[in-house]
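Written out below as structure tokens is the structure these notes cover.
The values are calculated or read from the model by the stated rules, or taken from the named source; none is laboratory data. Given the structure is predicted, the values throughout are model-derived calculations rather than measurements. Every residue, glycine among them, receives a Cβ derived from its backbone with ideal geometry; neighbour counts consider all protein chains shown.
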């Protein structure tokens, strides 16, 4: 029969069932039948005849299940097991891993013992490993055992093959044990001897990341329509054209608010009609489809989540094109403010122009706070007459508007490159702060230091403060930055330009998204860098 593994009740282990990976678990008392516990003298193993394999009764973290598991399918909990985990884990498996890590924090592992060899040269090393000794002897003695690190030729020849093999195995195990604990914080308790114990105790504290529960995103700032966002002395004479606005996300709501406060006649549509209510109460009109917006407005703005959403607004039933077909040729203008790739912009421009509409590409760059203040950056290209017709709209939501001419696609490229620079810079800050955290240095002091240096920028200052405060409420969403990095890599492929830093940053943001931080602020890349 296989030799028993030395497990005690309460030991943290990893157990494997058929068709499942090794799963975080804990050795527990076996069940009772008619008041009788089926266990050995240690209360751990199921009573079986000598020819049956040894089993242990375990509790599985995460799933909260119990089962008898063969001894050969159980391994002790260790840092090595955590390092072997796959990046892709189910919810219950991830929960199980979190639970075993939390349980291990309060643990003080017992040192293990080896047989004593008396040496003449006094070269001794304490080894905390368990030899194959009888259970009775193991519980009778709690002394520090020693194994020598060097032997004379005479002593080596006097040892038989069995003992030499045993010592080599113990040395290898000790080396493996030492390497597996490199990532742990070790604290020796000097007061242990005063409590009657005659062996040292090592407290192992694994480096554990904050749980998702500790990092819940605070509610996004609500739209405040009681006061204007821009200064009252910023006079804007509104255009006489009727403005339509499609898409009332976090950015779109703030843009419409500033259009209303600057005196523009605004009509709105959103897939979720409830988002229109607050703006309707502030003076906007609401229509049931994008086609209705086109028929009742002169200039239509679109600000949605991405290329696919933009194309659905334009090409689907009751969309922009359907509305243009019912209008007089050349009387309607369509302005695309969504951050999209150049090819999609050109595709939409061709469809709008073919239906008699005027097209202007005008992606917006900036955070929610800049949108609230009416300080977004707007890059434009397309129909110049349409650009002049809506200048008052632009200056109510932006202080910086650039017109690049008739070449549709140029603003999208510039916008993508701009966001690539911002994304790479933010990723470098995230990794820097993760390194500072790993080294145990104060993040606040580092942030104060770089604020005094020329390397500092508003981006570093704002993202750094968010990391220090652990406040990742979205100002510029992480998924938005990752989307633009993806577009940037595609542009690089088209023109055969390597983008090594952008590629590395993109992987960091993708990793952060896989951990559930898509809707967090881009500063949450720090959380991905720590994992």
### Query
Does residue 384 meet the test of being touching a strand residue (DSSP E or B) at 6+ places or on another chain (Cβ under 8 Å) and more than 30 Å from residue 491 (Cα to Cα)?
no
### Message
Name the single residue that is nearest to the chain's Cα centre (by Cα) among those in region 293-305 being modelled with pLDDT of 95 or more, closer than 24 Å to residue 341 by Cα and part of a loop (DSSP other than H, G, I, E, B).
### Response
304
#### Entry: Scope region 403-416; condition crowded, with 20+ Cβ neighbours inside 10 Å and touching a strand residue (DSSP E or B) at 6+ places or on another chain (Cβ under 6 Å); matching residues
408, 411, 415
### Query
Exactly one of (1) in contact with a helix residue (DSSP H, G or I) (Cβ under 6 Å, 6 or more places away or on another chain); (2) at positive phi; (3) surrounded by fewer than 17 Cβ atoms within 10 Å (Cβ to Cβ) is unmet by residue 444. Its number?
(2)
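Would you please name the residue that is farthest from residue 481 (Cα to Cα), looking only at residues in region 306-323 that are part of a helix (DSSP H, G or I) and either at pLDDT below 95 or within 34 Å of the chain's Cα centre (by Cα) (or both)?
Our first condition is that a residue be part of a helix (DSSP H, G or I); within region 306-323, this holds for 307-315, 320-323.
Cutting the leftovers down to either at pLDDT below 95 or within 34 Å of the chain's Cα centre (by Cα) (or both) gives us 307-314.
Working: 307: 14, 308: 17, 309: 17, 310: 18, 311: 20, 312: 22, 313: 23, 314: 24 Å.
Taking the candidates together, the pick is 314.
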### Query
Do we find that residue 312 is buried (at least 22 other Cβ atoms within 10 Å of the Cβ), out of contact with any strand residue (DSSP E or B) (no Cβ under 7 Å at 6 or more places or on another chain) and closer than 16 Å to residue 247 by Cα in this structure?
no
### Task
Pairs only if they're at least six apart or on different chains, beta carbon under 6 angstrom, first in region 1-29 and within 11 Å of residue 69 (Cα to Cα), second exposed (fewer than 13 other Cβ atoms within 10 Å of the Cβ) and at pLDDT 85 or above; list them, first residue then second.
none
### Query
Which residue pairs have Cβ atoms under 8 Å apart, sit 6 or more places apart or on different chains, and have a first residue in region 461-473 that is touching a residue at least 12 places away in the same chain (Cβ under 8 Å) and on the phi < 0 side of the Ramachandran plot and a second that is surrounded by fewer than 18 Cβ atoms within 10 Å (Cβ to Cβ) and part of a loop (DSSP other than H, G, I, E, B)?
471/218; 472/217; 473/217; 473/218; 473/219; 473/220; 473/221
### Query
Looking at 338, 331, which one is in a loop (DSSP other than H, G, I, E, B), in contact with a helix residue (DSSP H, G or I) (Cβ under 6 Å, 6 or more places away or on another chain) and either without any contact (Cβ under 8 Å) to a residue 60 or more places away in the chain or buried (at least 21 other Cβ atoms within 10 Å of the Cβ) (or both)?
338
## Note on the structure
Within region 238-270, the residues that are assigned to a loop (DSSP other than H, G, I, E, B), within 38 Å of the chain's Cα centre (by Cα) and at pLDDT below 95 are 249
### Task
Out of the residues in region 417-441 that are in contact with a helix residue (DSSP H, G or I) (Cβ under 7 Å, 6 or more places away or on another chain) and over 30 Å from residue 341 (Cα atoms), state the one that is surrounded by the most Cβ atoms within 10 Å (Cβ to Cβ).
433
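Results for (1) surrounded by 15 or more Cβ atoms within 10 Å (Cβ to Cβ); (2) out of contact with any helix residue (DSSP H, G or I) (no Cβ under 6 Å at 6 or more places or on another chain), shown as yes or no for each residue.
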| residue | (1), (2) |
| --- | --- |
| 390 | yes, yes |
| 396 | yes, no |
| 401 | yes, no |
| 458 | no, yes |
| 470 | no, yes |
| 476 | yes, no |
| 485 | yes, no |
### Query
Tally time: how many residues in region 48-95 are over 21 Å from residue 31 (Cα atoms), at pLDDT 85 or above and in contact with a strand residue (DSSP E or B) (Cβ under 8 Å, 6 or more places away or on another chain)?
3
